[in-house]
Amino acid sequence: MKLFKFILNTVPRPLLIKISLLIRPFLVWWYRGNRYTDPIDGKSYRKFLPYGYENPRDSVLAPGTLSLERHRLLWLYLQHETRFFDKTNNLKVLHFAPEQAFHKRFRRFSHWDYTTTDLNSPLADVSADICHLPFADNSFDLIFCSHVLEHIKDDQKAMAELFRVMKPGGFGFFQVPLDTKREKTFEDDTITTAEQRRKAFGQYDHVRIYGMDYFDRLRKAGFKVEAVSYVSKIGAELANTYRLDQNEYLPVCQKPIQSNTV
C-alpha cells in the first residue's frame with residue numbers, strides 16, 4: 001500500500017499512463033482468480049490492486065482495464081440504462097482526460113464520432129484547456145468528464161464551457177470525488193502548494209472537496225441534473241463483486257432543448 005501511495009504521489013500522471021500500458025499484461029496474469037469481476041472486460045481476479053493518493057483503498061483497481069469504482073459504475077449504467085452503446089444511435093462524443101478503461105473500447109464504437117481532449121494526457125486527440133475549449137457551440141451529443149473538475153480553479157467556467165459545447169438535449173456524465181457527508185463544497189484559494197493541497201483536499205493537485213451542493217453547481221451552469229444512486233439498484237452482492245463504492249452518486253446531466261445561453 002505504501003509503495004502504491006509513493007508511486008502515485010511522485011510519478012507524473014502522463015508517465016504513469018505509459019508505464020501502466022507496459023505492465024498491465026503481467027498484472028492480469030499475477031492477479032488471476034475468481035473473487036472479483038470487472039464488468040468492463042468481464043474478467044475475474046483473486047483481488048484488485050490498491051489505489052489512492054493519500055489513503056489508498058484496498059482492492060479497487062482492476063488489473064485488466066485499470067478501472068476504478070467510478071469507471072465500473074459508469075460502464076454498468078451506460079450498458080444497462082442507456083442506448084448509447086446501440087450501434088443504430090449515431091453520436092458525437094467528447095471525452096475529457098480519457099481513461100485507459102474506456103479509451104480503446106470507445107474508439108472502436110463505429111457509431112460514435114469520438115474525440116478525446118486533455119492538457120497533458122498522451123491519449124488525448126486535442127490538447128485543450130477545459131475553461132477555453134476550441135469547439136463550436138452545441139457540438140456534442142455526449143460528454144464524459146470524470147474526476148477533472150476538482151483540479152480546475154474556476155470550475156464554474158469549466159461547467160459553462162461543458163454546457164456551451166453540448167448539444168441541446170445532449171447528455172454528460174461529470175463525476176467528481178464527492179464527500180456525501182459534506183453539505184457544502186470546501187475550497188480555499190490561499191491553499192496553493194502541493195503539500196498544502198494534499199493535507200487539505202486529499203491530493204496534491206486538487207483544489208477543493210465537493211459536497212452535496214455539487215449538483216446545484218451544475219444546475220447553476222444550466223444543466224438539468226439527476227444524482228443517480230445506481231449502486232442501490234445493483235445491490236450489495238454485485239456491488240461487492242464489481243468492487244463499487246456503495247456511497248457513490250452518478251451525476252447525469254442534460255442540456256435542456258430550450259435553454260438560455262450561459
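Please treat every number below as a calculation from the coordinates, not as lab data. What you see is a predicted model; the values in this text were computed from it and never measured. Neighbour counts are summed over all protein chains in view; Cβ atoms, including those assigned to glycine, are modelled from backbone coordinates with ideal geometry.
Under the 0.36 nm per residue contour assumption, what length would be gained going from the current alpha-carbon distance of Thr180 and Leu119 to full extension? Please list the in-between numbers first.
Details: separation 61, 0.36 × 61 = 21.96 nm, distance 2.90 nm.
Contour length minus the Cα-Cα distance gives 19.1 nm.
For a straight C-alpha distance cut-off of 19 angstrom, the aspartates and glutamates reachable from Lys199 (same-chain residues fewer than eight places away being disregarded) are Glu54, Glu150, Asp179, Glu187, Asp188, Asp189. Placing R0 at 45 angstrom, the Cβ-Cβ distance between Glu237 and Lys87 gives a FRET efficiency of 0.90 after rounding to 0.05. Along the axis of the charge dipole computed for the chain (Cβ charges of +1 for Lys and Arg, -1 for Asp and Glu, origin at the Cα centre), the listed residues Ser44, Leu68, Ala158 are led at the positive end by Ser44.
What ranking do 125-135, 186-196, 97-107 get when scored by the average of other Cβ atoms within 10 Å per residue, highest first?
Values: 125-135: 14.5, 186-196: 11.2, 97-107: 18.4.
Ranked by mean Cβ neighbours within 10 Å, highest first: 97-107, 125-135, 186-196.
Taking every C-alpha pair closer than 8 Å and separated by at least 6 residues, the mean separation divided by the residue count of segment 14-105 gives a relative contact order of 20 percent.
Amide H contacts of Thr116 (H built 1.01 Å from N, in plane; Pro and chain starts excluded): His95, Asp125, Val126 sit under 5 Å, all sequence-distant by 5 or more or on other chains.
Greater than 20 Å separation of Cα atoms is the criterion. Which listed pairs, Lys92/Lys255; Lys47/Lys104; Lys43/Lys233; Lys233/Lys255; Lys104/Lys233, meet it? Over 20 Å apart, Cα to Cα: Lys47/Lys104; Lys43/Lys233; Lys233/Lys255; Lys104/Lys233.
Selection among Leu27, Ala136, His95 by position relative to the dipole of the chain gives Leu27 as farthest towards the positive end (Cβ unit charges, Cα centre). Here the Karplus curve 6.51 cos²θ - 1.76 cosθ + 1.60, taken at θ = phi - 60°, turns the phi angles of segment 49-61 into couplings of 7, x, 7, x, 6, 10, 10, x, 8, 7, 6, 10, 9 Hz, with x standing for Gly and Pro.
If you plug the beta carbon distance of Lys157 and Arg108 into 1/(1 + (r/R0)^6) with R0 = 51 Å, you get a FRET efficiency near 0.95. What does the charge count near Arg105 come to, summing +1 for each Lys or Arg and -1 for each Asp or Glu among other residues with Cβ under 11 Å from its Cβ? Once all neighbours under 11 Å are counted, the net charge is +1. Projected onto the charge dipole of segment 69-254 (+1 at Lys/Arg Cβ, -1 at Asp/Glu Cβ, origin at the Cα centre), which of Val148, Gln79, Phe171 gives the Cα projection farthest towards the positive end? Going by the Cα projections, it comes out as Gln79. On the beta carbon distance between Ala136 and Ile23, with R0 = 30 Å, the FRET formula returns roughly 0.15. Using the Cβ of Ser67 as centre and a radius below 13 Å, the other residues enclosed give a net charge of +2, where K and R count +1 and D and E count -1. When the Kirkwood radius is taken over all Cα pairs of segment 145-190, what Stokes-Einstein diffusion coefficient follows at 25 °C and 0.890 mPa s, in µm²/s? Approximately 201 µm²/s, per Stokes-Einstein.
In the chain, which whole DSSP H runs stretch at least 18 Å along their own axis (Cα) and average 0.5 or higher on the Kyte-Doolittle scale?
On the way: long enough: 13-30 (24 Å, 1.16).
Length and hydropathy pass: 13-30.
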